[in-house]
């Protein structure tokens with residue numbers, strides 16, 4: 001008997017609430033879908049991962065195009081969590097996979113779709129006022145990094161954007177992490193242990209010897225790193 | 001209020017203990033009251049270099065753990081009476097250094113002396129961190145070779161990020177002391193030049209100590225070189241460095257090779 005558990009172990013449960021969006025389609029459905037597409041275009045990703053309740057209260061059993069409404073929403077990546085109004089028995093919706101609607105819930109007013117999501121905000125730049133010493137590691141996954149001092153042997157600077165070093169680069173500089181092939185590395189004096197842009201790297205041995213200890217920029221051309229002297 | 005100075009390097013064998021003893025003795029000879037604190041728990045050496053190894057009764061760990069008070073543990077130098085030593089324990093290890101204990105000892109010493117000089121162990125672990133934690137200023141001992149320079153760079157980074165001063169948002173004063181500088185090898189170019197070292201580490205230069213048999217001789221007789229051979233080239237370099245620590249403006253001279261007649265004759269014969 002030893003080692004058996006007499007009581008079943010407890011399971012962890014806790015509450016969590018989400019704001020579900022309620023879509024209320026109006027006839028004619030083709031126009032309504034076009035308006036929806038327009039909204040999605042202005043705020044890409046707005047519906048991603050959001051639970052949506054479909055409210056059919058303005059629909060009739062005979063509304064044209066009704067059979068295609070649910071598939072059309074699913075095609076746009078809208079996840080319908082529940083359906084309100086309407087009737088499961090309408091022939092037009094006979095083919096729908098009618099989700100088990102959650103009960104209750106409170107209406108919480110109209111939701112405005114953000115309009116400015118399309119204009120990208122510039123990622124912030126990190127400015128380091130002094131030298132990056134051996135063993136130190138600067139990671140800045142979004143924007144550019146500006147180092148006013150040097151980057152020592154054994155130090156590492158990693159940036160989502162470009163890396164600008166006003167002193168000598170003697171350690172590692174890694175630019176364009178997360179797939180930015182346009183990122184570059186600039187330094188007052190190239191004596192790096194390793195440089196990399198968007199996953200393509202070069203060790204000290206593979207670097208262009210004519211740039212050694214000179215002001216240099218490193219950029220990606222195709223799949224090779226190019227070393228260009230700075231004026 | 002005393003100045004708390006840490007002598008550190010990252011790398012071992014570059015001359016931290018020798019420099020601690022020589023700088024401390026030079027400051028004491030200049031009339032300052034100085035205590036040297038050995039943080040190399042488990043591998044103590046400062047007592048040997050100071051010639052006090054046969055007088056150690058209590059040590060830093062005893063004081064931290066409350067087994068002895070400071071007055072019992074401090075060893076007064078017999079040659080320079082403003083110079084004292086707080087030895088490390090040889091039988092314990094660096095885990096016995098508690099941050100509260102070290103803070104209290106440093107605070108107590110600061111009330112009694114003008115200078116509290118902490119001799120850091122090599123490495124970047126607990127012992128070294130404890131030695132640098134309460135410092136106001138640091139002397140980074142570096143040999144003119146790449147591995148020593150890189151380790152010093154690492155230590156400078158830690159001085160600027162992990163110490164009490166750094167956490168308070170203040171800047172620690174840091175000085176570079178280049179030791180074991182060999183003028184002959186420098187002339188031949190098989191050693192990193194002073195300029196290169198300064199360029200890489202970019203902190204002010206406190207002094208350049210030439211490689212010399214006098215340093216080893218002094219260590220073996222248990223006396224800092226500034227006491228044993230005060231007229232030797234390394235002793236003069238240490239004395240000048242100590243004056244710079246006190247805020248005097250003294251030009252740094254780069255040691256050059258001096259050839260006497262005998263050297264010349266000897267070289268001729270060998271050739």
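Every number in this text was worked out from the coordinates using simple rules, so none of it is lab data. Predicted model, so just to flag it, every value in this text is computed and none were measured. Neighbour counts are summed over all protein chains in view; Cβ atoms, including those assigned to glycine, are modelled from backbone coordinates with ideal geometry.
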Worksheet entry | Sequence-separation-based contact order of region B:1-61, relative, with Cα cut under 8 Å and 6+ spacing, percent | 26
Item to complete: Starting with the fewest neighbours, write out B:9, B:33 ranked by other beta-carbon atoms found within 10 Å of each beta-carbon.
Response: B:33, B:9
Worksheet item: What ranking of B:110, B:161 emerges when the number of other C-beta atoms within 10 Å of each C-beta is taken as an exposure proxy, fewest first?
Response: B:161, B:110
Item to complete: Could you quote the convex hull projected area for chain A, Cα atoms only and averaged over all directions, in nm²?
Response: 24.2
Worksheet item: Size of region B:95-158 along its principal axes in angstrom, Cα-based, largest extent first?
Response: 39, 27, 16
Discussion item. If each DSSP helix of 4+ residues adds -39,500 (n - 2.57) and the sum is divided by the residues in chain B, what number results at 222 nm, nearest 500 deg cm²/dmol?
Written reply: -11500 deg cm²/dmol
Item to complete: Ignore the peptide's own chain and count Cβ atoms of other chains within 10 Å of each Cβ in B:149-156; give me the average, rounded.
Response: 6
Worksheet item: Where the centroid of each part is defined by its Cα atoms, how far is region A:35-71 from region B:1-59 in Å?
Response: 78
Fill in: Among A:191-197, A:9-15, the order from most to least packed when residues are scored by Cβ within 10 Å on average
A:191-197, A:9-15
Item to complete: With springs only between Cα atoms under 10 Å apart, run a GNM on chain B and tell me which of B:46, B:70, B:159 wobbles the most.
Response: B:70
Worksheet item: Over all residues in A:165-178, what is the mean tally of Cβ atoms on other chains that come within 10 Å of each residue's Cβ?
Response: 1
Fill in: In degrees, nearest ten, helix B:16-29 long axis to first principal axis of chain B (Cα)
80
Worksheet item: So what's the angle, to the nearest 10 degrees on a 0 to 90 scale, between helix B:99-112 and the longest Cα principal axis of chain B?
Response: 70
Fill in: Global size of region A:27-149 as Cα Rg and Dmax, reported in angstrom
23.3, 74
Worksheet item: Once the Cα atoms of helix A:29-42 and of chain A are each reduced to a long axis, what angle between those two axes, in degrees from 0 to 90 to the nearest 10, is obtained?
Response: 20
Worksheet item: Expressed in nm², what is the orientationally averaged projection area of the convex hull enclosing the Cα positions of chain B?
Response: 14.7
Discussion item. What distance in nm lies between label points placed 7 Å from Cα along the C-beta direction at residue A:74 and residue A:226?
Written reply: 4.9
Worksheet item: Counting every Cα pair in the protein assembly as shown, what percent are over 45 Å apart?
Response: 44
Discussion item. Could you identify which residue out of B:151, B:160, B:67 has the top mean-square fluctuation in a GNM of chain B using Cα springs shorter than 10 Å?
Written reply: B:67
Worksheet item: Counting pairs of alpha carbon atoms under 8 Å apart in space and at least six apart in sequence, what relative contact order in percent does chain A give?
Response: 10
Worksheet item: What is the mean projected area of the alpha carbon convex hull for region B:1-107, to one decimal in square nanometres?
Response: 6.7
Worksheet item: Could you work out the helix-only [θ] at 222 nm for chain A, with each DSSP H run of four or more residues adding -39,500 (n - 2.57) and the total divided by the number of residues, to the nearest 500 deg cm²/dmol?
Response: -2500 deg cm²/dmol
Worksheet entry | Extended-chain gain in nm, criterion 0.36 nm per residue less alpha-carbon gap, residue A:11 and residue A:213 | 66.5 nm
Worksheet entry | Zone residues, region B:72-103, relative to residue B:65, backbone N less than 16 Å from point 7 Å out along Cα-to-Cβ | B:73, B:87-102
Discussion item. Suppose a student asked you for the relative contact order of region A:21-93, using Cα pairs under 8 Å spaced at least 6 residues apart; what percent would you report?
Written reply: 39
Worksheet item: Listing A:210, B:217, B:11 from the residue with the fewest other Cβ atoms within 10 Å to the one with the most, what is the order?
Response: A:210, B:217, B:11
Practice prompt. Kindly state, to the nearest 0.05, the FRET efficiency for residue A:100 paired with residue A:39, given R0 = 30 Å and r defined as their beta-carbon distance.
Written response: 0.65
Worksheet item: Using the eigenvalues of the Cα gyration tensor, what equivalent ellipsoid semi-axes result for region A:126-229 when each is taken as the square root of five times the eigenvalue, whole Å, largest first?
Response: 18, 16, 11
Discussion item. Can you report the principal axis dimensions of region A:21-93 using only the alpha carbons, biggest first, rounded to whole angstrom?
Written reply: 34, 23, 17
